[in-house]
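The values are calculated or read from the model by the stated rules, or taken from the named source; none is laboratory data. What you see is a predicted model; the values in this text were computed from it and never measured. Please note: Cβ atoms are built from the backbone with ideal geometry, for glycine as well, and neighbour counts cover all protein chains shown. Side chains included, ligands, DNA and RNA excluded: accessible areas come from the protein's heavy atoms. Shrake-Rupley method; radii C 1.70, N 1.55, O 1.52, S 1.80 Å.
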Amino acid sequence: MKTPYTIQESRDAITAWEPYIHAFLETFEEPPASEGGVLAGKPVAIKDNILTKAGHTTAGSKILERFQSPYNATVVEKLLHAGAAIVGKTNPDEFAMGSSTEYSAFGVTKNPWDISRVAGGSSGGSAAAVASGEAWGALGTDTGGSVRHPASLCSVVGVKPTYGRVSRHGLISYGSSLDQAGPIARTVKDAALLLEIIAGQDPYDATSSSLSVGQYSKACDKDIAGMKVGVPEEFFAEGIHPEVEHLIRAAIESLKDQGAIVIPISLPLTSAAIPVYYLIAKAEASTNLARYDGLRYGKIDTHDASLLEHYVHVRGKGFGPEVKRAIVMGTYALSAGYVDEWYKQASKVRTLIRREYENAFKAVDIITGPVTPEPAFLIGSKMLDPLQMYLADALTVPVNLAGIPAMSVPCGFTSERLPVGLQIIAPHFQEERMFAVASAYEKQHEWNAAFPPLPH
Amino acid sequence: MDTLAMEEVRAIARLSRLALTEEEVAQATSDLSGILGHFSAIGGIDTANIQPADDASGLVNVSREDVAHPNALCSSEDLLERSPKIRQKYIEVPGVFDESSIS
């Protein structure tokens, strides 16, 4: 098992691993690639909610099962320009709504470390592809933790950039004020390189920032002595798996070996983040998903007498249960008579959460803690109660609400050999700080040297 | 804060053009009542004089010249090809006012 640097190595790993993990919805015989570029043909996988001219873009949904995009997302264009070989599209939860890929219409992605367990989500396919050696790197999207969560569960590096750092043009929208595409890779430096490639202002995305792209690769070699690392007590609240807590606290302690100063802090609004996030995300999603009408994104055959019947039937059949739940919740939260108490209140609390992080960053340079309260869970174990699934995101959603960057770096394994990731959070557009700390930790521990054994 | 009733879920499904079976209505009502019950705690947070967080990017008035760039991403033919029925340059759809078998 090794990191694949060529298309052939990727192909061999895909042949070996796909029967076990189902990370890909589609692989390309002839990966679209361009000559030269800093990536020089390295195999990269793209989450299937990101538009590619090659193959299909389904967002893990039946309603887009036959959709072939006429253009590439900006992030895909940038990767091709940098010489990436795009080997396929990876399995997501449907429309990126979920934390396990169990909500994908096309089957679950299994964790390469234990195939009875989930790979995390919603970018589970992308994380599993990198963890198994099928791809050198991958793109995911993170709206409430969907890059960091599967990265943590699969022992790979996953980054959510500052909101506006990377163009959303060509991403299938879930929550427009929250979505960001982000890199998944085996090492912090590879993730930094991928971010340098995909970041930057885009005329097609009016929310993308004109701030110049940082030197993330260079930041990986920076010394972290004197850096103030904040540890929020609320990140270790009840419900955290004891082994996760143990590994995270040990990882934070070890940062002191490199001169970092660890400072306990408090973020009291942490417990409000899940309600605030889901009300906003589902409200935005209900609007974003209104466009799927069976008329413009792939040929869906219906024989309805009226347009209304057509819409209702196509959407009823094409969307899965979590997406329908999301549309109902989001529409409710925005409807007259309820919008003030649900959506507007959530949005105001979001302002308070942002301020809470701004204030915290006056006293510390970086905030750190777990990515998620428990390691990879058994497939099916959270399907009876949707709320249980939502709680997996409790420590990742505040970051999206505040618009700040965060990443997951592997920090060890539980006694059941399940990966755990350390979450490192930085202020707006301070990704360099995040990469410096992650890289310093990685150099000391090298958890990424471990590969999952092929199941038999 | 009241949580959901089945009739509200049916009304929302109609508004959002979503066919739900009676079973799905019952399940959604139960799921969402539970979830919203849990979420109602945010009602207790003091937000007097707090602005909603409408500006995710912090950017203001991002604009460009109103000049067309035909075929910048793809052609209109490319887009029309993704539709089930086209007639000349139009997408053909069932009639809006046609008789239907459901209300």
Note to self: Regarding the range A:366-375, can at least one residue be identified that is open to solvent by less than 10 Å² (accessible area, probe 1.4 Å) and either within 14 Å of chain B (Cβ to nearest Cβ) or charged (D, E, K, R) (or both)?
What the structure shows: no
Checklist line | Counted residues, the range B:1-57 - those being outside any helix (DSSP H, G or I), more than 30 Å from residue A:206 (Cβ to Cβ) and open to solvent by 70 Å² or more (accessible area, probe 1.4 Å) | finding: 4
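Tell me the helices (runs of 4 or more DSSP H) entirely within the range A:136-232 that contain at least 3 residues that are surrounded by 21 or more Cβ atoms within 10 Å (Cβ to Cβ).
Working: elements: A:148-154, A:188-198, A:216-219.
The helices (runs of 4 or more DSSP H) meeting that bar are A:148-154, A:188-198.
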Next item on the list: Given the conditions (1) within 29 Å of residue B:38 (Cα to Cα); (2) facing chain B (nearest Cβ under 7 Å); (3) in contact with an Asp or Glu (Cβ under 9 Å, 6 or more places away or on another chain), report the number of the one that residue A:267 does not fulfil.
Entry: (2)
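Do the conditions hold for residue B:67, that is, is it at the interface with another protein chain (Cβ under 9 Å from one of its Cβ atoms) and aliphatic (A, V, I, L, M)?
So residue B:67 does not fit the description; no.
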Notebook entry, point to check: Inside the range A:289-333, can you point out the residues that are free of Cβ contacts under 8 Å to residues at least 40 places away in the same chain, of a type in the set (Phe, Trp, Tyr) and open to solvent by 10 Å² or more (accessible area, probe 1.4 Å)?
Noted result: A:311
Margin query: So in the range A:1-23, with the set limited to residues that are over 17 Å from residue A:46 (Cβ atoms) and in a loop (DSSP other than H, G, I, E, B), which one is least open to solvent (accessible area, probe 1.4 Å)?
Written below: A:3
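Condition check ((1) within 30 Å of residue A:443 (Cα to Cα); (2) more than 8 Å from chain B (Cβ to nearest Cβ); (3) touching an Asp or Glu at 6+ places or on another chain (Cβ under 9 Å); (4) in a helix (DSSP H, G or I)) across all residues:
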{"residue": "A:246", "(1), (2), (3), (4)": "yes, yes, no, yes"}
{"residue": "A:251", "(1), (2), (3), (4)": "yes, yes, no, yes"}
{"residue": "A:259", "(1), (2), (3), (4)": "yes, yes, yes, no"}
{"residue": "A:278", "(1), (2), (3), (4)": "no, no, yes, yes"}
{"residue": "A:286", "(1), (2), (3), (4)": "no, no, no, yes"}
{"residue": "A:316", "(1), (2), (3), (4)": "no, no, yes, yes"}
{"residue": "A:343", "(1), (2), (3), (4)": "no, yes, no, yes"}
{"residue": "A:346", "(1), (2), (3), (4)": "no, no, no, yes"}
Next item on the list: With respect to residue B:60, determine if the residue is at negative phi, open to solvent by 70 Å² or more (accessible area, probe 1.4 Å) and more than 8 Å from chain A (Cβ to nearest Cβ).
Entry: yes
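Tell me the residue from A:422, A:395, A:418 that is among the hydrophobic types (A, V, I, L, M, F, W, C), more than 26 Å from residue A:135 (Cβ to Cβ), modelled with pLDDT of 95 or more and surrounded by 20 or more Cβ atoms within 10 Å (Cβ to Cβ), please.
Numbers: A:422 fails: more than 26 Å from residue A:135 (Cβ to Cβ); A:418 fails: more than 26 Å from residue A:135 (Cβ to Cβ).
Of the residues listed, the single one that is among the hydrophobic types (A, V, I, L, M, F, W, C), more than 26 Å from residue A:135 (Cβ to Cβ), modelled with pLDDT of 95 or more and surrounded by 20 or more Cβ atoms within 10 Å (Cβ to Cβ) is A:395.
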Next item on the list: Could you tell me which residue of the range A:76-88 is nearest to the other protein chains (Cβ to nearest Cβ), considering only residues that are surrounded by 23 or more Cβ atoms within 10 Å (Cβ to Cβ) and in contact with an Asp or Glu (Cβ under 9 Å, 6 or more places away or on another chain)?
Entry: A:88
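I'd like to know if the range A:99-114 contains one or more residues that are in contact (Cβ under 8 Å) with a residue 24 or more places away in the chain, within 14 Å of chain B (Cβ to nearest Cβ) and open to solvent by 10 Å² or more (accessible area, probe 1.4 Å).
Just the residues of the range A:99-114 that are in contact (Cβ under 8 Å) with a residue 24 or more places away in the chain, to begin with: A:99-114.
Imposing the further condition that a residue be within 14 Å of chain B (Cβ to nearest Cβ) reduces the set to A:103.
From what's left, open to solvent by 10 Å² or more (accessible area, probe 1.4 Å): A:103.
Checked against the condition, which is being in contact (Cβ under 8 Å) with a residue 24 or more places away in the chain, within 14 Å of chain B (Cβ to nearest Cβ) and open to solvent by 10 Å² or more (accessible area, probe 1.4 Å), the range A:99-114 yields at least one hit.
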Item checked: Contacts under 7 angstrom Cβ, first residue in the range A:59-79 being free of Cβ contacts under 8 Å to residues at least 40 places away in the same chain, partner acidic (Asp, Glu), 6 or more apart -> A:70/B:78
